[in-house]
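K.L.:
What follows is a structure written as structure tokens; I'll ask about it next.
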Amino acid sequence: MNDSQRPVKVLILEKEYRVSCSPEEQEELISAARLLDSKMREIRQAGRVIGTERIAVMAGLNIAHELLRAKETKSDAVQVISKRLQNLQTKIEIAINSSNQLEL
């Protein structure tokens, strides 16, 4: 652990963990631990998965799946915006060319 790293206590399924992180990352770490704890509690309450390790794996898979879907949605949005920008650029070029021909 280097000098800028500090241990932070997080609680996941009633078990305390100490994780080292920089002070500026502390809030994000706590938020991540809360998200993981919440997902693990949901899985445990559903009662279909038994064992902390299996619950953790299922929670990790669920979070990874959500992340991949969010990236895919973002990618789709970027493509739509890119197409719109290309269309606008084409319209602007047509308008400029049309304006230049009127001046001649």
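Readers should treat all values here as calculations from the given coordinates under stated rules, not as data from a laboratory. In this text, all values refer to a predicted model and were calculated from it rather than measured experimentally. Note that we place each Cβ from the backbone using ideal geometry, even for glycine, and neighbour counts take in every protein chain shown.
K.L.:
Which one of Thr90, Ala59, Ser22 has its Cα pushed farthest toward the positive end of the charge dipole of the chain, where Lys and Arg give +1 and Asp and Glu give -1 at the Cβ?
P.N.:
Ala59
K.L.:
Treating the angle as unsigned and between 0 and 90°, give the value, to the nearest 10°, between the Cα long axis of helix 26-46 and the longest Cα principal axis of the chain.
P.N.:
The angle comes out at about 70 degrees.
K.L.:
Here's a follow-up. Grab the other residues whose beta carbon is less than 15 angstrom from that of Lys91, score K and R as +1, D and E as -1, and report the net.
P.N.:
On the way: positive: Lys83, Arg84; negative: Glu93.
Value of the local net charge: +1.
K.L.:
What is the total of Lys pairs in the chain with C-alpha atoms under 20 Å apart, excluding same-chain pairs fewer than 8 positions apart? Mind showing how you got there, number by number?
P.N.:
Numbers: Lys9/Lys39; Lys15/Lys39; Lys39/Lys71; Lys71/Lys83; Lys74/Lys83; Lys83/Lys91.
Counting lysine pairs in the chain gives 6.
K.L.:
So what is the calculated 222 nm ellipticity per residue for the chain, using -39500 (n - 2.57) for each DSSP H run with n of 4 or more, over all residues, to the nearest 500 deg cm²/dmol?
P.N.:
Values: 2 runs with 73 residues, N = 104.
Computed ellipticity for the chain at 222 nm equals -26000 deg cm²/dmol.
K.L.:
Follow-up question, since we're still on this one. With the convex hull built on the Cα atoms of the chain, state its orientation-averaged projected area in nm².
P.N.:
Details: hull surface 47.3 nm².
It is 11.8 nm².
K.L.:
Taking the Cα centre of the chain as origin and charging only Cβ (+1 Lys, Arg; -1 Asp, Glu), how large is the dipole, in debye to the nearest 20? Can you show the working numbers first?
P.N.:
On the way: 16 positive and 15 negative charges, 100 e Å.
With only Lys, Arg, Asp and Glu charged at Cβ, the dipole is about 480 debye.
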